[in-house]
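One structure is given below, encoded as structure tokens.
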Amino acid sequence: MAATVIDGKLIAQRVKDEIQKRVDNLKAKGITPGLGVILVGEDPASQAYVGMKEKTCKKLGIHSEVYRLPGNTSEKEVLELIERLNNDDNIHGILVQLPLPKHIDEWKVLDRINPQKDVDGFHSINVGNLSIGRDAFVPCTPLGVIVMLEHCNIDLTGKHVVVVGRSNIVGKPMAQLALQRHATVTIAHSRTKDLGAITRQADVLIVAVGRPKMITKDMVKEGAIVIDVGINRVESGLVGDVDFDSVKEVAAQITPVPGGVGPMTIAMLMHNTVLSAERR
Ligand SMILES: Nc1nc(=O)c2c([nH]1)NC[C@@H]1CN(c3ccc(C(=O)N[C@@H](CCC(=O)O)C(=O)O)cc3)C=[N+]21
């Protein structure tokens with residue numbers, strides 16, 4: 001039996017339709033949600049992502065300001081810009097596009113953002129609050145995965161969720177969110193021995209490692225749900241971390257790349273920005 005393909009683009013559109021109503025409600029009260037985006041350097045992928053965020057803001061009527069700074073911008077200048085946006089009442093969300101050039105200390109920059117405007121959920125305070133189950137801004141990609149599962153009526157209670165990847169922006173917060181939803185959670189990574197033996201136990205397999213097509217059919221249990229967070233540019237185009245064509249033969253449900261988690265990430269950024277505006 002071939003898997004059902006989860007349509008991330010469609011679910012993201014549904015989510016954005018709901019966000020649109022909230023934007024309209026805020027505007028009726030004289031509040032326009034505002035997002036400030038800081039991009040340092042000329043990395044083409046980063047420029048494309050920032051462009052997509054800008055476009056989505058425009059569509060929903062969210063005010064956006066994008067600061068495109070040259071690659072040699074000093075850390076001090078970035079910190080000063082963040083300070084300015086922290087104090088700007090028209091800006092409810094601040095996002096610093098990652099990765100930053102090597103001469104800039106990423107954590108120092110992220111920790112300068114007012115935690116109440118930290119719509120990426122990368123500030124230490126939000127990371128800490130998420131880990132102890134307190135109210136926090138939740139990173140957009142893992143939040144997008146959760147919302148996507150909810151839209152597919154997939155309840156994580158008691159399920160074995162295997163997260164492959166332990167990054168601070170996806171793997172770790174993903175594991176926290178699955179745990180909050182009462183899953184049994186395993187985190188695997190590049191040093192995991194016999195990865196296949198672990199991934200084959202997954203009821204829900206979430207992969208975020210950045211290695212093209214590394215998850216193959218033999219690593220997936222019959223009837224599993226497979227969520228592919230990877231986005232890899234290869235000669236043939238854009239591929240995920242999951243070997244889609246073989247894995248779809250065994251999985252019950254699977255997300256494609258593109259058109260899976262990516263569009264959900266953007267929708268969640270809009271959600272967090274509107275949430276921040278609603279809270280103020
Ligand atoms: N501070 C920060 N926050 C981020 O959220 C952040 C970041 N830095 N750095 C880079 C990653 C990457 N990311 C993506 C968002 C949407 C798609 C997306 O919508 N992709 C589409 C199309 C992709 C394409 O065609 O290029 C898809 O998968 O269908 C992809 C990648 C956000 N990131």
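The values are calculated or read from the model by the stated rules, or taken from the named source; none is laboratory data. Nothing here was measured: the structure is a model prediction, and the numbers come from that model. Note that we place each Cβ from the backbone using ideal geometry, even for glycine, and neighbour counts take in every protein chain shown.
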Legend entry - Residue, nearest to residue 170 (Cα to Cα), within the range 223-259, restricted to residues that are of a type in the set (Val, Ile, Thr), under 23 Å from the mean Cα position of the chain (by Cα) and assigned to a loop (DSSP other than H, G, I, E, B): 229
Inset, instruction - State the number of residues belonging to the range 33-53 that are under 16 Å from the mean Cα position of the chain (by Cα) and of a type in the set (Asp, Glu). - result: 0
Inset, instruction - Spot the failing condition for residue 148; the list is (1) closer than 24 Å to residue 262 by Cβ; (2) outside any helix (DSSP H, G or I); (3) within 15 Å of the ligand (Cβ to nearest atom), and only one is missed. - result: (2)
Inset, instruction - Output the number of residues of the range 27-72 satisfying the condition of being surrounded by 18 or more Cβ atoms within 10 Å (Cβ to Cβ) and away from the ligand (no atom under 16 Å from the Cβ). - result: 2
Inset, instruction - Could you list, in sequence order, all residues of the range 223-247 that are in contact (Cβ under 8 Å) with a residue 60 or more places away in the chain and either surrounded by fewer than 21 Cβ atoms within 10 Å (Cβ to Cβ) or near the ligand (Cβ under 9 Å from one of its atoms) (or both)? - result: 233
Inset, instruction - Answer yes or no: is there a residue in the range 111-118 that is closer than 22 Å to residue 264 by Cβ and β-branched (Val, Ile, Thr). - result: no
Inset, instruction - Find the residue count for the range 92-103, including only residues that are closer than 18 Å to residue 40 by Cβ and away from the ligand (no atom under 15 Å from the Cβ). - result: 2
Legend entry - Selection status of residue 141, surrounded by 21 or more Cβ atoms within 10 Å (Cβ to Cβ) and among the hydroxyl-bearing types (Ser, Thr, Tyr): yes
Legend entry - Condition check for residue 261: under 25 Å from residue 123 (Cβ atoms), in contact (Cβ under 8 Å) with a residue 40 or more places away in the chain and touching a Ser or Thr at 6+ places or on another chain (Cβ under 8 Å): yes
Inset, instruction - Could you check, for the range 51-60, whether at least one of its residues is acidic (Asp, Glu), farther than 29 Å from residue 134 by Cα and in contact with a Leu (Cβ under 8 Å, 6 or more places away or on another chain)? - result: no
Legend entry - Residues of the range 151-187 satisfying the condition of being farther than 30 Å from residue 99 by Cβ and surrounded by fewer than 17 Cβ atoms within 10 Å (Cβ to Cβ): 152, 153, 155, 157, 158, 182, 184
Legend entry - Pick from the range 97-137, criterion buried (at least 24 other Cβ atoms within 10 Å of the Cβ) and of a type in the set (Val, Ile, Thr), ranking: nearest to residue 263 (Cα to Cα): 119
Inset, instruction - Answer yes or no: is there a residue in the range 201-222 that is of a type in the set (Asp, Glu), modelled with pLDDT of 95 or more, crowded, with 18+ Cβ neighbours inside 10 Å and part of a strand (DSSP E or B). - result: no
Inset, instruction - Would you check if residue 210 is within 16 Å of the ligand (Cβ to nearest atom) and assigned by TED's automatic domain parsing to the domain that holds residue 153? - result: yes
Legend entry - Test: residue 117 is within 23 Å of residue 23 (Cβ to Cβ) and out of contact with any Cys (no Cβ under 8 Å at 6 or more places or on another chain): yes
Inset, instruction - List every residue pair whose Cβ atoms lie under 8 Å apart, where the two residues are 6 or more positions apart in sequence or sit on different chains, the first residue falls within the range 169-197 and is under 14 Å from residue 131 (Cα atoms) and of a type in the set (Lys, Arg), and the second residue, located anywhere, is at pLDDT 95 or above and part of a strand (DSSP E or B). - result: 172/187
Legend entry - Which numbered condition residue 186 misses (of (1) in a loop (DSSP other than H, G, I, E, B); (2) over 17 Å from the mean Cα position of the chain (by Cα); (3) of a type in the set (S, T, N, Q)): (1)
